[in-house]
Amino acid sequence: MPFSDVLIGWTFAVGNALSPIVRPIESGGESIVSGLASVGLTAPLQLVNSAKEWMAANGSKHSDRLPLMNPFHVILIISLYLVIVISGKRIGANSSVPKLEVKQFALIHNLLMVALSAYMCLSILANAFFSKSSTGYRYGLWANPPDETESGWSMAKVIWVFYFSKILEFNDTFIMIAKKNFRQVSFLHVYHHGSIFAVWWLVTFTAPTGEAYFSAALNSFIHVVMYGYYFCSAIGIKQVSFIKKYITMMQMTQFCLMMCQATYDIVHSFVIVPSLPAPQPPFTSNSYPVYLSSILFFYMISMLALFYNFYQADRRREREARKAGNANGAPKVGQNGKGKEE
């Protein structure tokens with residue numbers, strides 16, 4: 001049985017087990033919205049109804065067979081993440097609270113993420129370019145419309161695994177908090193981890209095939225390098241230290257490529273698609289949803305700006321640390337292969 005099937009089945013089972021806890025919370029939220037409408041505050045109810053209508057009209061057929069597609073559950077998970085982050089930082093700020101020993105957990109987490117990211121990257125590329133489709137669907141680099149046929153189910157499952165992996169990445173934050181590395185728990189870090197989970201819910205719910213492959217495969221590849229670096233550094237392999245500054249550069253390059261993809265897809269939808277013949281059944285569209293390409297474009301702008309600021313600040317800290325080391329008579333990092341690693 002494919003790993004994606006195992007993980008989907010396991011998530012359904014966990015969801016069913018947690019239903020007695022989650023369902024009353026969801027019902028309570030619905031009661032609050034209804035109560036507000038009964039006293040004249042109808043905006044929340046109208047928003048909920050509009051969201052349900054939009055989801056009914058735009059949901060992928062594949063999402064009907066996938067877990068964690070309820071937006072309330074997504075909001076609940078992100079809210080729980082933010083509560084843990086805020087409370088963890090406040091509790092950890094107390095000097096009487098010691099750091100937690102999480103090295104072994106961090107090693108397991110990083111190794112798991114390397115393996116999972118490699119699996120996702122290779123599986124997505126294999127589904128896109130090396131699998132035969134009974135419907136004649138063929139992937140190009142960009143401008144791939146959604147594949148709502150049964151042939152697209154395999155890709156949809158791997159894209160779902162990528163979406164699910166964003167929950168596992170929350171452990172990055174929890175490890176930092178446990179170690180009291182609060183400087184690393186920046187606005188960029190929390191914004192990225194919280195928002196990317198919501199973005200990939202939207203992609204998985206509406207179009208978990210087609211153009212979704214490119215961002216998921218590229219990001220998975222970057223994460224193989226990133227988590228591999230974390231793991232090697234944690235077990236004392238100093239030879240990988242040079243990779244650190246290139247990771248942020250790779251991430252920023254990734255954002256630029258995704259912006260190019262979004263731009264191409266938007267232009268393709270408005271310029272090329274109108275001149276194409278109508279799609280033949282079982283296909284329903286000649287282009288990927290424009291609203292998803294637009295969200296990708298503007299989201300990548302925000303990520304590029306934030307990561308650039310982080311990159312500049314990180315390089316500035318390195319220069320200051322190097323100057324401080326030189327002032328104390330310490331050799332420069334990497335000089336003749338010697339010197340203290342920063």
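The values are calculated or read from the model by the stated rules, or taken from the named source; none is laboratory data. Just so we're clear, the structure is a prediction, and the values are computed from it rather than from any experiment. Using ideal geometry, Cβ is built from the backbone for each residue, glycine included, and neighbour counts are taken over all protein chains shown.
When V74 is tested against (1) surrounded by 14 or more Cβ atoms within 10 Å (Cβ to Cβ); (2) not in a helix (DSSP H, G or I), only condition (2) is not met.
Within segment 268-282, which residues are hydrophobic (A, V, I, L, M, F, W, C) and at pLDDT 90 or above? Let's see the steps before the verdict.
Going residue by residue through segment 268-282, those that are hydrophobic (A, V, I, L, M, F, W, C) are 270-273, 276, 278.
The answer is F270, V271, I272, V273.
Within the span defined as segment 101-108, one or more residues are of a type outside the set (F, W, Y), more than 22 Å from A207 (Cβ to Cβ) and not in a helix (DSSP H, G or I).
Against the condition of a type in the set (A, V, I, L, M, F, W, C), within 19 Å of the chain's Cα centre (by Cα) and surrounded by 15 or more Cβ atoms within 10 Å (Cβ to Cβ), how does V48 come out, does it pass?
Numbers: of a type in the set (A, V, I, L, M, F, W, C): yes; within 19 Å of the chain's Cα centre (by Cα): no; surrounded by 15 or more Cβ atoms within 10 Å (Cβ to Cβ): yes.
The answer is no for V48.
I need a count of the residues in segment 253-265 that are among the aliphatic types (A, V, I, L, M) and more than 12 Å from E211 (Cα to Cα). Quick ask: steps written out before the conclusion?
Taking segment 253-265 and keeping what is among the aliphatic types (A, V, I, L, M), we get 257-259, 262.
From the residues that got through so far, the ones that are more than 12 Å from E211 (Cα to Cα) too are 257, 259.
Residues in segment 253-265 being among the aliphatic types (A, V, I, L, M) and more than 12 Å from E211 (Cα to Cα): 2 in total.
Does V271 count as among the β-branched types (V, I, T), touching a Cys at 6+ places or on another chain (Cβ under 9 Å) and surrounded by fewer than 17 Cβ atoms within 10 Å (Cβ to Cβ)? Before the answer, list the steps.
Details: among the β-branched types (V, I, T): yes; touching a Cys at 6+ places or on another chain (Cβ under 9 Å): no; surrounded by fewer than 17 Cβ atoms within 10 Å (Cβ to Cβ): yes.
So V271 fails the test.
Quick check on I21: is it in a helix (DSSP H, G or I), of a type in the set (V, I, T) and loosely packed, with under 11 Cβ neighbours inside 10 Å? When the stated conditions are applied, I21 passes them.
Does segment 176-187 include one or more residues that are among the polar types (S, T, N, Q), over 20 Å from R65 (Cβ atoms) and part of a loop (DSSP other than H, G, I, E, B)? Walk me through it before giving the result.
Filtering segment 176-187 down to residues among the polar types (S, T, N, Q) leaves 181, 184, 186.
Then drop every residue that is not over 20 Å from R65 (Cβ atoms), which leaves 181, 184, 186.
Going one step further and asking which of them are part of a loop (DSSP other than H, G, I, E, B), we end up with 181, 186.
Yes, segment 176-187 contains at least one residue that is among the polar types (S, T, N, Q), over 20 Å from R65 (Cβ atoms) and part of a loop (DSSP other than H, G, I, E, B).
The criterion of being among the β-branched types (V, I, T) and surrounded by fewer than 17 Cβ atoms within 10 Å (Cβ to Cβ) holds for V240. Evaluated against (1) of a type in the set (G, A, S); (2) surrounded by 15 or more Cβ atoms within 10 Å (Cβ to Cβ); (3) within 30 Å of G152 (Cβ to Cβ), G29 falls short on exactly one condition, (3). Each residue in segment 58-70 was checked for being assigned to a helix (DSSP H, G or I) and either touching a helix residue (DSSP H, G or I) at 6+ places or on another chain (Cβ under 7 Å) or among the acidic types (D, E) (or both), and 4 of them qualify. Since N309 meets every condition but one in (1) among the polar types (S, T, N, Q); (2) under 20 Å from S195 (Cα atoms); (3) free of Cβ contacts under 8 Å to residues at least 40 places away in the same chain; (4) loosely packed, with under 14 Cβ neighbours inside 10 Å, which condition does it not meet? If we test N309 against (1) among the polar types (S, T, N, Q); (2) under 20 Å from S195 (Cα atoms); (3) free of Cβ contacts under 8 Å to residues at least 40 places away in the same chain; (4) loosely packed, with under 14 Cβ neighbours inside 10 Å, just (3) comes out false. Scanning segment 205-221 for residues that are hydrophobic (A, V, I, L, M, F, W, C) and closer than 15 Å to M120 by Cα turns up A212, F214, A216, A217, L218, F221. Selection of segment 283-342 for residues being modelled with pLDDT of 75 or more and not in a helix (DSSP H, G or I) yields F283, T284, S285, N286, S287, Y288, P289.
Taken as a whole, the structure places E53 among residues that are surrounded by fewer than 18 Cβ atoms within 10 Å (Cβ to Cβ), part of a helix (DSSP H, G or I) and of a type in the set (D, E, K, R).
In the condition set (1) outside any helix (DSSP H, G or I); (2) closer than 19 Å to L107 by Cβ, Y227 is compliant with all but (1).
Hey, could you check segment 80-130 for residues that are among the aliphatic types (A, V, I, L, M) and over 21 Å from the mean Cα position of the chain (by Cα) and say which is farthest from H193 (Cα to Cα)? Write out each step before concluding.
Restricting attention to segment 80-130, the residues satisfying the condition of being among the aliphatic types (A, V, I, L, M) are 80, 82-86, 91, 93, 97, 100, 102, 106-108, 111-116, 118, 120, 122, 124-126, 128.
Filter once more, keeping what is over 21 Å from the mean Cα position of the chain (by Cα): 91, 93, 97, 100, 102.
On the way: I91: 21, A93: 22, V97: 26, L100: 22, V102: 20 Å.
Once the filter is applied, the top-ranked residue is V97.
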